[in-house]
Structure formats: C-alpha cells, structure tokens
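Participant: One structure is given below, represented as structure tokens, and several questions about it will come after.
Read-outs throughout are calculated quantities, based only on the coordinates presented, and are distinct from any laboratory measurement. These numbers come from a predicted model, not from an experiment.
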Amino acid sequence: MERWEELEGATPRAPRFPLEFPLLYRAGEDLPWQVGHGTNISRSGLLFRAEQPLRMRAPLELSFVMPVSIPGDYAATVVCQGHVVRQAPRSSRGGVLVAATIDSYRFHRDRTAAS
C-alpha cells in the first residue's frame, strides 16, 4: 500500500499523535458549542468524533485543554480555527468521524491551576 509521503511530488503529512481528549467545536461563530472527542492530532489537523455530520469545508472553531507537560507550567486551552476536510459514517463508538484542518490556533493559560 502506498503512503501519501511516498508519492512523487507529494507534500509530507505532519506526524499524527494518537491522543484521546474531550473537545468543544462549532461550525460558525454564532452557533452554540457542541461536545466532541478527539482521537488524534498533528500540527496541521485533527480527527474527532461529532454527534452529527458537518457540512464539508465548513469553517470550524475547536477548543480543548492541552495537558501540562512541563512541571510548574500552567494548563493551556487551545482554540483552533480550521475547516472540515473529510467525514466517515458513524464509528463503532458512535457519532461521525470528522477530519479537520488546523489553520490557526492560540493558547489561553489558566494561571490559577498550576501543577
């Protein structure tokens, strides 16, 4: 089986990290936040489970907490902007699998929750 990175002229994909994490998402600034669950992430995108299908190429805003990896640092909430690029029908765990880009992001640190 060919891998995307092996095709001539293909742009290498960013390494994916298999992480399970809760997240919030919304497909538009004025819509309410929905609860989802991330299954993997890279610097350029993520895969998550949503309750309902989303419109292809819909702009997304996602928010999740990044665990503290440096002792003494503060937990950070990551807020990302991106869009839907792929979807798969209901997974064995329920919901719809949604692949989304991460076009931009920002960190919000909770200075009251030091580890």
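Participant: Using 0.36 nm per residue of separation minus the Cα-Cα distance, give me the extension gain between Thr101 and Met56 in nm, one decimal. Walk me through the intermediate numbers first.
Facilitator: Values: separation 45, 0.36 × 45 = 16.20 nm, distance 1.17 nm.
Working it through step by step, the gained length comes to 15.0 nm.
Participant: For the range 17-26, in order, what is each residue's ³J(HN,Hα) by Karplus, 6.51 cos²θ - 1.76 cosθ + 1.60 with θ = phi - 60°, in whole Hz (x at glycine and Pro)?
Facilitator: My calculation for the range 17-26 gives 10, x, 10, 9, 7, x, 8, 10, 9, 8 Hz in order.
Participant: For Gln87 and Arg109 in the same chain, what is the full-extension length gain: residue separation times 0.36 nm, less their Cα-Cα distance, in nm?
Facilitator: Working: separation 22, 0.36 × 22 = 7.92 nm, distance 3.12 nm.
My answer for the length gained is 4.8 nm.
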